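Input: a single structure, listed below in structure tokens.
Here, each number is a calculation from the coordinates, and none is a lab measurement. All of these numbers come straight from a predicted model, not from anything done at the bench. Note that each Cβ is placed from the backbone with ideal geometry, even for glycine, and that neighbours are counted across all protein chains shown.
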Amino acid sequence: MNASGRSGAPGAESAAIVRLNRICARTQRRGRDLPVVDSRVALGVTCGAASRSPSPVILLDKPFTIDFAVNLTAAAARVRASDELAAALEQLGLVAPRPVLVLAGDAAGGTVATDELRPLFDQVLIPRAAAHGACIVDGGTDAGVMRLLGRAHAHAAAGLPIVGVVVDALAGRPDQPAGVAGGAPLERHHTHFVLVDGSQWGDEAPWIAAVAAALAGGAPSATVLVGGGDIAWDDVAESVRAGRVVIAVAGSGRTADAIAAAARGDESCGERARALARGGLLRAVELADRAALAAALDEALGAGSRP
């Protein structure tokens, strides 16, 4: 993607493949026979180039349904290598290209009360995503900003898809707890899940970026950062590498405050934030200024493209 939030950033796909291969290689060392990707064709769909793939990819696992409650289900797929991603998204019924909104931030332990954050989701994120026909991609667990997003989606009865990207071994389902200690339940109002390889929280970060890029194709995309800790830094870095605009909500705490300061040129934000700001993709809005967040999303996702 370029600075306007569209696909085509040189080297973005190959860098993503390298990061995904590192995760797959760690899994192989634990004794699992997984394919490792060594070609740009694997993420060709991120530039709308899936048709250049030399042959159809067969998923190692068939998509399945997660039943959270009566009339509350989600479609899910396990993706073991990046060359399976396009096929998985297609089999899940996720149409590309389309605008994409990535949500990053606190999973737990945020510094701002939930009641202060909820209006961002109810009054801005869900309505603006729906207005642009966007798909939302996040970390998918029943915690923090992901829980707020799922509840806002359910309350609005919004028809847009919300795709949670979660490390498979850490994903707790109603019929199956997480496979390792430290896992977390999936958020029940997400419409889709992509379960990926890894062994620790943060391994999903490059996969979130890859899913967002695959769904966006040539359409606009943006990342919204609300609070966040160490993993949120990875999410922002992945978005910047992909050429995706990152809108940090200042006043929501921790990582978002540092990124917002960097977006405004505040040298006290630290070198890590300043380095991310050099690409010119960071934006800042105040927590209380919901109109500014709506305007930033309209600009990033394509103002005027939909009523």
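Take each peptide in 222-234, 144-156, 276-288, count the other Cβ atoms within 10 Å of every residue, and average; sorted highest first, the result is 222-234, 144-156, 276-288. Our estimate of slack between Arg274 and Asp67, defined as 0.36 nm per intervening residue step minus the Cα-Cα distance, is 70.2 nm.
When each of the peptides 116-124, 191-199 is scored by the mean number of other C-beta atoms lying within 10 Å of its residues, the order from highest to lowest reads 191-199, 116-124.
Report the full-extension gain for the segment Asp175 to Ala108: residue separation times 0.36 nm, less the Cα-Cα distance, to one decimal in nm. Each step should come with its number before you reach the end.
Working: separation 67, 0.36 × 67 = 24.12 nm, distance 2.37 nm.
My answer for the length gained is 21.7 nm.
Taking max minus min of the alpha-carbon positions on each principal axis, the stretch 74-129 gives extents of 40, 25, 18 Å, largest first. Quick one: in the stretch 160-307, what % of C-alpha pairs are over 21 Å apart? Tail of the P(r) past 21 Å holds 49 percent of the pairs.
Between Ala130 and Gln91, the contour length at 0.36 nm per residue exceeds the alpha carbon distance by 11.8 nm.
When peptides 205-214, 256-265 are sorted by average Cβ neighbour count within 10 Å, with the highest value leading, the order is 205-214, 256-265.
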